[in-house]
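Below is one structure, written out as structure tokens; the observations come after it.
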Amino acid sequence: MSDTQRHDYRFFHRLRVRWVEVDMQRIVFNAHYLMYFDTAMSDYWRALALPYDASMHTLGGELYVKKASIEFHASAHADDQLDVALKCSRIGTSSLLFTGAIFRGEELLISGELIYVFADPATQTSKPVPTALRDIMLGYEAFDPMVQVTIGSWQTLAGEARQVRTEVFLEEQRIPVEMEWDELDDVAIHAVARNRLGLAVGTGRLLQHTPGVGRIGRMAVTRVLRGSNVGRDVLRALMLAATQRGDHEVVLHAQRTAQGFYARLGFVSRGEPFEEAGIVHIEMHRTLPATI
């Protein structure tokens, strides 16, 4: 029996076993555990604030699975809630070794290893793991922040803020271009979140709604990074900017699909839902403490 423990890991992906993944004995088919690890890897990249395709393009390579092995300790059953843990255990010249484990509560069910090789996508020949990627992964395992939020004017942040807003609002949500860009950008305080490759992955803006009340808007996060902490970090940076200029409250119009996100950060709904740019919104507000 492996001596692997939950506290050996800092990254966890949670899932519930579906009936389609089990056999007549109601235990998981062995091959599905590899799928669980593969699914968890997607969330691992999200935790690094790295949109995989854009990041690999920036790094000039691609990661390919070289070897995958698993060791069985106990079986998962239908409707079990499992935690899939991953950590980068070693970074070689051109390879990355991930150690994985699947837990049901504190019980270790599966342990495994995944070896990836960084390679040229055109020739699939190995090449050295870029220093930037090496530093990001070591930093994550050391609990370093994966994004940095910059506060500034439209004049200084327009290029990156426009890029994220175009991707989210114009291309994904199909908001009319004439409704997205307005003269208020010039007077707003803007926030841009960059990952450790320097790629802009989130943005938002702060206006003066009424004396003492700030209005946050144009909150946008790159689609594949939603569910990470990028949006939270942008929102907190804007609330801090509002506090520093003397605001005692902030308000915003939340898309209904994001209402839970804002509620978890202390915002309270006010009034009835309404339509804005063809999308249902709800007004939310939060009182600002002296410090955030």
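Where a number appears in this text, it was derived from the coordinates with a stated rule and is not lab data. Predicted model, so just to flag it, every value in this text is computed and none were measured. Quick reminder, even Gly has a Cβ in these numbers, built from the backbone with ideal geometry, and neighbours come from all protein chains shown.
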Taking every C-alpha to C-alpha distance in region 172-228 and binning by 10 Å from 0, the per-bin percentages run 19, 45, 31, 5
Any GluC sites (Glu not before Pro) in region 1-80 that lie in a DSSP loop and have at most 12 other Cβ atoms within 10 Å would be none
By the C-alpha gyration tensor axes a ≥ b ≥ c (rounded if a/c is under 1.5, else prolate when a/b exceeds b/c, else oblate), the shape of region 147-287 is rounded
Calculated from DSSP helices alone, with each H run of at least 4 adding -39500 (n - 2.57) and the total divided by the residues of the chain, [θ]222 nm to the nearest 500 comes to -7500 deg cm²/dmol
Taking the dipole of region 155-287 about the Cα centre (Lys, Arg +1; Asp, Glu -1; charges at Cβ), the one of Gly159, Val250, Val234 that reaches farthest to the positive side is Val234
Here the Kirkwood hydrodynamic radius of the chain, Cα-based and in Å, equals 21.4
Rounded to two decimals, the Rg over Rh value of region 102-183 from Cα coordinates and the Kirkwood Rh reads 1.16
Neighbour-count ranking for Thr203, Thr39, Thr93 (other C-beta within 10 angstrom, fewest to most) reads Thr93, Thr39, Thr203
The size of the Cβ-based charge dipole (Lys, Arg +1; Asp, Glu -1) of region 6-141 about the Cα centre, to the nearest 20 debye, is 180
Checked against the positive end of the charge dipole of the chain (+1 on Cβ of Lys and Arg, -1 on Cβ of Asp and Glu, about the Cα centre), the farthest of Ala49, Leu96, Thr39 is Leu96
Stokes-Einstein, Kirkwood over Cα pairs, region 6-141, 25 °C, 0.890 mPa s; D in µm²/s equals 156
Computed for the chain: size of charge dipole around the Cα centre, +1 on C-beta of each Lys and Arg, -1 on C-beta of each Asp and Glu, debye to nearest 20, value 420
